[in-house]
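Every number in this text was worked out from the coordinates using simple rules, so none of it is lab data. All values reported here derive from a predicted model rather than from experimental measurement. Because the Cβ atoms are built from the backbone with ideal geometry, glycine has one as well, and the counts that use them run over all protein chains shown.
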Amino acid sequence: MRWLLSTGRAPPAAFHAALTSVPASERDGWLDRVFELGELPDDGPELPSGCVPYLPSSVDTLLRMVELAEVQSGDVFVDVGSGLGRATALTHLLTGAGAIGLEIQSALVRGSRDLASRLNAPRVAVIEGDAVRLTRYIMIGSVYFFYCPFGGERLDRVLDDLEAIARTRRIRVCSVSLPLPSRSWLTPVSWSNDLTVYRSLCDGWNRSLRRRARACS
Ligand SMILES: C[S@@+](CC[C@H](N)C(=O)[O-])C[C@H]1O[C@@H](n2cnc3c(N)ncnc32)[C@H](O)[C@@H]1O
């Protein structure tokens, strides 16, 4: 699989089939071998107090996220607090979507760039810096992913910035193990275990989405 990926011979459907042919309990280990990721790195001094250290999302969570958020090749997936780039790389390989990580720890940023280069994946990128300040500039995103990088005022600020983006077009917001504070422009549309997928609301179709959300609950 490493060879197929590095030579551009693993289109999304083939990669998805290969990953899901591995027993569910072995998929994380399989992916780490394909990505050549070893032990979890120690967190660095750049991690602000109150922010969450690096812990990768599970393959199971990311497969559910791709399905429930209906991520397609035309999407741009943005991982807010992207760690080693495992979620951005996997989402890109499963769907063909462009993928951008935002990460504050420089060692993790270097690791993400090495991973994208090993995979020969030019549509997977990472931006180094504080996602609380950076997210508002990533207006190209269509699916924003949070595996609890931070909460409280930081999360409030990022959601306010996403609202400005959502006014220009529909976006999806996916959250793992992190209930998002309520926002009038954002409604949960599907959930599974620790994952919730939200869609932004625009005039004219918010009522039908709210009905669908109520029907799911
Ligand atoms: C729980 S990990 C999630 C990693 C990745 N999203 C995944 O799902 O595999 C949280 C990540 O957010 C990063 N992080 C925390 N606060 C941040 C901030 N203010 N700006 C950018 N990254 C941040 C941490 O360094 C860590 O890599």
Open item on the list: I need the per residue convex hull volume for the range 93-184, using only the alpha carbons, in cubic angstrom as a whole number.
Closed with: 107 Å³
Open item on the list: Could you check the spin-label model distance between Asn120 and Ser184? Points 7 Å from the Cα along Cα→Cβ, value in nm.
Closed with: 5.1 nm
Open item on the list: Need one word for the range 28-90: rounded, prolate or oblate. Basis is the Cα gyration tensor (sqrt eigenvalues a ≥ b ≥ c); a/c below 1.5 gives rounded, then a/b vs b/c decides.
Closed with: oblate
Open item on the list: Rg over Rh of the chain, using C-alpha atoms and the Kirkwood radius, what does it come to?
Closed with: 0.95
Open item on the list: Given axes a ≥ b ≥ c from the Cα gyration tensor, I'd like to know whether the range 130-197 is rounded (a/c under 1.5), prolate (a/b larger than b/c) or oblate.
Closed with: oblate
Task: Nearest-0.05 FRET efficiency for Glu67 and Ala14, computed from C-beta distance (R0 25 Å) - done: 0.90
Open item on the list: Counting only helical runs of four or more DSSP H residues, what would the 222 nm mean residue ellipticity of the chain come to if each run contributes -39,500 (n - 2.57) and the total is spread over all its residues?
Closed with: -11500 deg cm²/dmol
Open item on the list: Give the separation of the Cα centroids, the range 4-37 to the range 120-177, in Å.
Closed with: 26 Å
